[in-house]
Each structure stands twice: as structure tokens, then as C-alpha cells.
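Nothing in this text is a laboratory measurement; each read-out follows from the coordinates by a stated rule. Remember, it's a predicted structure, so these values are computed and weren't measured experimentally. All Cβ positions, glycine included, derive from the backbone under ideal geometry; neighbour counts span all protein chains shown.
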Amino acid sequence: MALSFSCYASLKPQHQALLSHSNNNCLQKVKNLITTIGVPSITTSPQQSLQSGNWVKLICGASFEDVVDIRNLSLVYTLAGVDCIDCAADASVVSAVNEGIEAAREIVPLRRPWVMISVNDDEDLHFRKAEFDPDDCPLDCSRPCEIVCPANAISLEVTPGVLKGGVITERCYGCGRCFPVCPYDRISAITYVRDTTATAELLKRDDVDAVEIHTNGRQTALFEKLWNALEDSVGYLRLIAVSLPDVGDSTISSMNTMYSIMEPDLQCFNLWQLDGRPMSGDIGRGATREAIAFAVRLAAAKDKPQGFLQLAGGTNAHTINGLKKEGLFQTTSITSIYIAYSLPCLSFHILLPFVL
């Protein structure tokens, strides 16, 4: 399903009535399209989608904070029927997501998708921003950083004797593509950890339904510290996800330790995100191998903790075929594979929910 919207920043008074009529026609076409196609979210709850194998999640990005884009993405993908919208743990970002959701529901009476915020317990690739001083850039630089950035988060303008601009912080989500292409090695990464007090307050809002905790899978003490800092705020949630990379033989042990930390306070669904190749975003066939191998190993493990499994990190258009070859792609049972489009990085996340 493809939806198209026109956005206008300002209008002359004589054109406002004409635009209003045009917008009404456009909205009616959207209503008719959704009614004809039959978006599942008209009748199916996110919980039912998760359990039945129809779960779809939009990932706006743990560090992407452009509230205008986030609001518009949330509007369009709510109309498209997503079950969950994952965003940065920032109050203004969460508000933008909910504004987009409510704008969509004014067009068509859909149920609300769950709103998820992403946090980290330590340094993590998903929680960083690029940074450089444009004054240090030679005027004759070809500016490959600006060209390669997929989020249009770098803007440079030549003025007399100097370059102006730099990184547009709210648009940078830390993909890292600019780091290796700088011919003068002037770009650095600024990492950060989300404040747990602010996160706990966000989780208590009635418009936040889920949290995703990013951890390195090696130091469970940091995970426990974050979990304890969230205190009773986790009791407000419908889903708790933990994202971790493959740490070899200790992966299952770490997962079981983290589950034992969560279990006394766990009052909702839990999910494990298997981050095969974190923040890769590559489109080649080889990029998805780690993610598939991670999924195959975890799906076969008998001693893993309870929870759904979500495949991420390096997932792309080749992932489904790879999963089919491993016998993991089934569309009609509780162990179904789901696709969630990840924006702004435009990669795929594959979900393999298992109720264990």
C-alpha cells in the first residue's frame, strides 16, 4: 500500500480555501484506500498481532530526533497498520510520535500502535552522534561525508574563506558511514547513555507502552543497574525488549541472567532482539549472515529464557530467503517471521516471536 501526502509550510490567504478542499479530497481517498485494502489494525490489537504472527514495528531510531519527520512517519505508518513505533527516549520525540498517531486516527478510526522507547545501559552504537568542526575542513574538500549520509544529517555551505554548517544533530542517528570517508579524519563519534530518571518518568506516561534496552550482553551488572533504576516504571508497560549482540558461548548464560533480574518485576510480554551485525544497514547478501546464524542458534537452544525472539542487525532484502533455507520462515504459526521497516536507516528488522 502506498500513501502520498503533501505538506505546506505557508500559504497566501487566497489559496487557503482551495487547499482545504484539495486536502479534504485527499483524506477521503486515504480513507477509501484503507477501507478497501482492510488494514489489520482496524480490528487487531498489537498484542494479538504479536501472538498470531502479524506483528510489524516501525523503528524511527534510538538517536533520531527530528520531530517533524518522526511525526510524519508515525502518521503514515499508523495508517499503514503498524503495531509498534520505536523511537528515541526523549519527551519531545515521544510527543511527536503520539501527535502523528492521533493525526492518523482522525483520518481513519484505527487502534493505537504501541509506542516504544529505546535506552542503553552502556556505550552502544545506536546511541551516538557524529561531530566535527567545519572550520577545520579545507575549502576544496569534496565533502564525501555530506554525500554518503543517508539521513541528510550533514549540511555544508561554502562562504567566503570558510565552510559553514556541519552535523544536524537531531537528524544524525549514528550510522557511522561518514567516519571512514573523511579524507582528513576530522569526524568523531560522541556517545551517550540515556538518563535513567528521565526514562523512568517517560515510562510512566500513558502514551508509552514499551521499552527496548540495548546492552552488550557481556556485563550484566550494568543491565541490572539500569533495571533497578527504572524501579516501578516497568509496571506500566505492555512489552519489554532486550537488544544484545552475539557474544558466543556466553550468550544464553547472559540472557538467563538478565531474565532472572527482570523476572520479579515482569508483568508483561518480553522479547529478545538478536543483533547480528549492529548498525550495519548494508544491503549485500553477506551482511545478513551473522543475523541468520544468530537466529538459527538461538531458535535451536533448549536452555534459553522465556520470550519472543526478534532478529535484527544486518537484516535486509536477502534475510527472508536465508531464513527460508533454514526452515525458520513460516507465516501461519506462532513461530512466524515478521518484517518491520526501520527508518531512517531504511533497513529491515525480522521478528521471530517464540512463546517459550
Past 30 Å, Cα to Cα, is the threshold; run Lys57/Lys302; Lys225/Lys302; Lys29/Lys204; Lys129/Lys164; Lys204/Lys225; Lys29/Lys57 against it and keep the listed order.
Lys29/Lys204
Between Arg285 and Lys324, what is the label-point separation in nm under the 7 Å Cα-to-beta-carbon projection?
1.4
Work out the P(r) tail for the stretch 156-286: percent of alpha carbon pairs separated by more than 23 Å, whole number.
50
With no solvent and one equal point scatterer placed on each C-alpha of the stretch 128-191, evaluate the Debye formula and give log10 I(q)/I(0) for q = 0.12, 0.17 Å⁻¹, two decimals.
-0.24, -0.50
Taking the Cβ of Val56 as the centre, find all other residues whose Cβ is under 12 Å away and add up their charges (Lys, Arg: +1; Asp, Glu: -1).
-1
What aspartates and glutamates does Lys304 reach when the alpha-carbon gap must be under 18 Å and sequence neighbours fewer than 8 apart in one chain are set aside?
Asp246, Asp249, Glu263, Asp275
Mean projected area, convex hull of alpha-carbon positions in the stretch 93-162, reported to one decimal in nm², is 8.2
Would you mind putting 180-191, 311-322, 142-153 in packing order, based on average other-beta-carbon counts within 10 Å, highest first?
311-322, 142-153, 180-191
Would you mind checking which residues have amide H under 5 Å from Glu212's amide H? H placed 1.01 Å from N; only 5 or more apart, or other chain.
Ile117, Ser118, Val119, Ala241
Give me the distance in nm between label points sitting 7 Å out from Cα along the Cα-to-Cβ direction at Val68 and Ile107, one decimal.
1.9
How would you order 233-242, 100-109 from highest to lowest mean count of nearby Cβ atoms within 10 Å?
233-242, 100-109
In what sequence, highest mean first, do 57-66, 250-259, 197-206 appear when ranked by Cβ atoms within 10 angstrom?
57-66, 250-259, 197-206
For the stretch 189-253: relative contact order, % (alpha-carbon pairs under 8 angstrom, 6 or more apart):
43
Taking r as the C-beta separation of Ser45 and Asp207 and R0 as 22 Å, the FRET efficiency to the nearest 0.05 is 0.85
